[in-house]
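What follows is a set of notes on a single structure, which appears directly below.
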Amino acid sequence: MSHKQPCILVVDDEPNNVFLLEELLISEGYNILSANSGAEAIKLIAKSQPDLILLDVMMPQMSGFEVCDRLRQSSKFQTTPIIFLTALDDEESKLKGLELMGDDYITKPFNSRLLLAKVANILQLNQIRSQATESETRQQSNEQSNLQLLAALKINKNLSEKFRLFVPEQFLERIAAKGVDSIQLGDAVEEELTVLFCDIRGFTAIAESQNARDTFKWLNSFFKEMSGCISENKGFIDKFLGDAIMAVFDKNECHSLNAIKAAVMMLESLQKFNANIHTYNLREPVKIGIGIHTGIGVIGTLGSEKRMDSTVIGDVVNTASRLESLTKTYGCSIIASESVISEIEKCRSNCQKQESGENQFRSINQEEYSDTQLQNNNLSSEQIYYRWIDKVTLRGKQIPVNIYELLGTKNRIIEAQKIVTLSIFNKGIKGWQVDKFAAALEYFQQVLKRNSMDNIASLYVERCREKLGLVPMEKNEVNLADPNF
C-alpha cells in the first residue's frame, strides 16, 4: 500500500451515523471527509477525489443510488470504490446497488470489524488495480515511445542518407564529425589533395539542338557514368557545374594516381555512353576534357548563416580548371600538372623501396612467411603512360608550369597510337627543348606519318618550321586541333 493514508468520504444525512463512522475510520488511520447530502457529496467528490466512498442510500432530495449513478456516468469517477451502507436489506435494493456498479453493499446495523475488513480489502484491491493500470499504461507509453523513437531514427537515417546525396561523406567527416547538427559556417580543414575537372565539349550547341528534357535526361545518365568512375577510385564529387564535374581525391598518399585512374576510366566509360547516344536524341558523340592538379586545398563550409555550401577552395581548384580549358587548345583529352606526375613518381619510388625491403625480408624468412602474408599495393608495377607537352603560364598566374598529356594506364589504353610513337615524340620534345629544331621537326614529322591525328605533334611541326623560318604547311598537310574540342 502507499505511504499516503487513503481518504474516505462518508455520506449520510444522519449526523450521528457520520460521527460514528468518522471515529471508527480515524482510529484505523484513514483520512476522513464527510457530507450530509447527495448534492454536497457530489461537490466534495469533484474537489477532493476520495479513495473510497461510504454512501448511505436513503437520503432526501438525492438518494445514494442517484449519487452513484451520477458518478458512474463520469469517466473520472467510474472506478472510484463505493460501498453502500444502508438500512435497506431487501434483495431488490442490493441488486440495484450491484447494477449501479457499487463495490459492496452493507446493511445497518453493521459489524465494525466486517466493515473495516471490507474497507481495507477494497482499498488494497483498488490500489493493485491502479498499479496494474499504471504499469500497463507505462508499458504502452514506453512501447509507443519506442515506436516513435524507431520511427524518428528511421526518418533521421533516411534524411541522413538523402543528405549524403547532397553532401559527400568525405565532407561530413570533416565538417560534421559530431553529427549534422554540429555543422557551422566556416568549418574548414586544410590538406593536400588532387582535384579533377571534367567539362563537356560543345555543350551549348548540344543544348540548343534539343529540348531541355532530353538534355536533362542524358546529362543525368552521363553524370551517373562519370560518378561511378570517380567513386571506384576513392574520389568524391564536390559539385556538378551544369555541364562540368569537380571531383576531389584525398585518400592515402597517392591520391594523384587515383585521380589519373579515374580520368582514364571516365574516357573508357564515355565510349560506352556514346554507343547509345541515339537513345538521348544526340546527333554527335559527347566529348570531354579533363584537367588534374595536386596541391593544397581547404575543405569546409562557405556562404552565410542562412545559406551555406560545402566545397573545396584554393589554388589547386583554379589550376585544375585552367588545365581542363587547355585541353581545347592542345586538342587532347586529359592534361595533368607537373605536381600530379611528381606525386605519382614519388609514390612509385617509395613502393619500389618497400617492395625491395619486403622481398629481402621474404628471402630471409622464406620458410616462415608465404607470399600471401606480405603484400603491397603494386603501385611500382602500375604503368602510367604520359608525355610532356609544354611549359605554359596559366591564365591569372605568373610562374610557368610543365603540363603533361595522359595517354592511359597498363589496363586502360586511351591513346594507343600516341603510346606507339611515344619514344619518337619524346625525342622531338628533347630536340625542341635544346633548340635543335631541325632534328625535332624530323621526329615530329615521323610521328605524324604514323599518326596523322596527333594534334600536339602537328603543333610542334608548325613551331619548329617557324623557328627554322620555313613556310607554314598547308592546313591539309597537318591535322590542327580538332575544332570540336
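Step by step: first the residues of segment 1-16, then only those that are free of Cβ contacts under 8 Å to residues at least 60 places away in the same chain and either in contact with a helix residue (DSSP H, G or I) (Cβ under 8 Å, 6 or more places away or on another chain) or under 25 Å from Pro109 (Cβ atoms) (or both), then the one that is surrounded by the most Cβ atoms within 10 Å (Cβ to Cβ). Which residue is that?
Across segment 1-16, the extreme among qualifying residues is Val11.
This table checks each residue for (1) at pLDDT below 70; (2) under 22 Å from Lys239 (Cα atoms).
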residue: Ser304; (1), (2): yes, yes
residue: Ser333; (1), (2): no, yes
residue: Glu338; (1), (2): no, no
residue: Lys346; (1), (2): no, no
residue: Lys353; (1), (2): yes, no
residue: Ser356; (1), (2): yes, no
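Is one or more of the residues making up segment 249-272 under 23 Å from the mean Cα position of the chain (by Cα), in a strand (DSSP E or B) and either modelled with pLDDT under 85 or not assigned by TED's automatic domain parsing to the domain that holds Glu190 (or both)?
No, segment 249-272 has no match at all.
Taking segment 440-469, which residues are aliphatic (A, V, I, L, M) and either exposed (fewer than 14 other Cβ atoms within 10 Å of the Cβ) or closer than 16 Å to Lys427 by Cβ (or both)?
Answer for segment 440-469, where residues must be aliphatic (A, V, I, L, M) and either exposed (fewer than 14 other Cβ atoms within 10 Å of the Cβ) or closer than 16 Å to Lys427 by Cβ (or both): Ala440, Leu441, Val447, Leu448, Met453, Ile456, Ala457, Val461, Leu468.
What are the residues in segment 382-424 that are part of a strand (DSSP E or B) and hydroxyl-bearing (Ser, Thr, Tyr), if any?
Scanning segment 382-424 gives Tyr385, Tyr386, Tyr404, Thr409.
Could you tell me whether Lys427 is farther than 28 Å from Asn252 by Cα, at pLDDT 90 or above, in contact with a Leu (Cβ under 7 Å, 6 or more places away or on another chain) and not in a loop (DSSP other than H, G, I, E, B)?
No, not satisfied.
Cβ contacts < 6 Å: first residue of a type in the set (A, V, I, L, M), restricted to segment 40-51; second residue surrounded by 22 or more Cβ atoms within 10 Å (Cβ to Cβ), any location; separation 6+ or different chain. Result?
Partner pairs satisfying both residue conditions: Ala41/Val11; Ala41/Ala35; Ala41/Val67; Leu44/Ala35.
Go through segment 227-240 and report how many residues are part of a helix (DSSP H, G or I) and free of Cβ contacts under 8 Å to residues at least 40 places away in the same chain.
4
Within segment 56-68, can one find any residue that is surrounded by fewer than 16 Cβ atoms within 10 Å (Cβ to Cβ) and under 23 Å from Gln127 (Cα atoms)?
no
Of the conditions (1) assigned to a strand (DSSP E or B); (2) under 21 Å from Asp199 (Cβ atoms); (3) modelled with pLDDT under 95; (4) over 25 Å from the mean Cα position of the chain (by Cα), Gly297 fails just one. Which one is it?
(4)
Go over the candidates Gln73, Gln124 one by one and state the one that is surrounded by 10 or more Cβ atoms within 10 Å (Cβ to Cβ), farther than 20 Å from Pro15 by Cα and among the polar types (S, T, N, Q).
Gln124
When Asp214 is evaluated against the numbered criteria (1) surrounded by 15 or more Cβ atoms within 10 Å (Cβ to Cβ); (2) modelled with pLDDT of 90 or more; (3) more than 23 Å from the chain's Cα centre (by Cα), which criterion, by number, is the only one it fails?
(2)
If you take the residues of segment 214-226 that are out of contact with any Lys or Arg (no Cβ under 8 Å at 6 or more places or on another chain) and touching a residue at least 12 places away in the same chain (Cβ under 8 Å), which of them is farthest from Glu343 (Cα to Cα)?
If we take residues in segment 214-226 being out of contact with any Lys or Arg (no Cβ under 8 Å at 6 or more places or on another chain) and touching a residue at least 12 places away in the same chain (Cβ under 8 Å), then Asp214 is farthest from Glu343 (Cα to Cα).
If you take the residues in segment 328-348 that are over 35 Å from the mean Cα position of the chain (by Cα) and of a type in the set (Ser, Thr, Tyr), which one is surrounded by the fewest Cβ atoms within 10 Å (Cβ to Cβ)?
In this case the residue turns out to be Thr329.
The values are calculated or read from the model by the stated rules, or taken from the named source; none is laboratory data. Since this is a predicted model, take the numbers as computed values, not measurements. Positions of Cβ are generated from backbone atoms using ideal geometry, with glycine treated the same way; all protein chains shown enter the neighbour counts.
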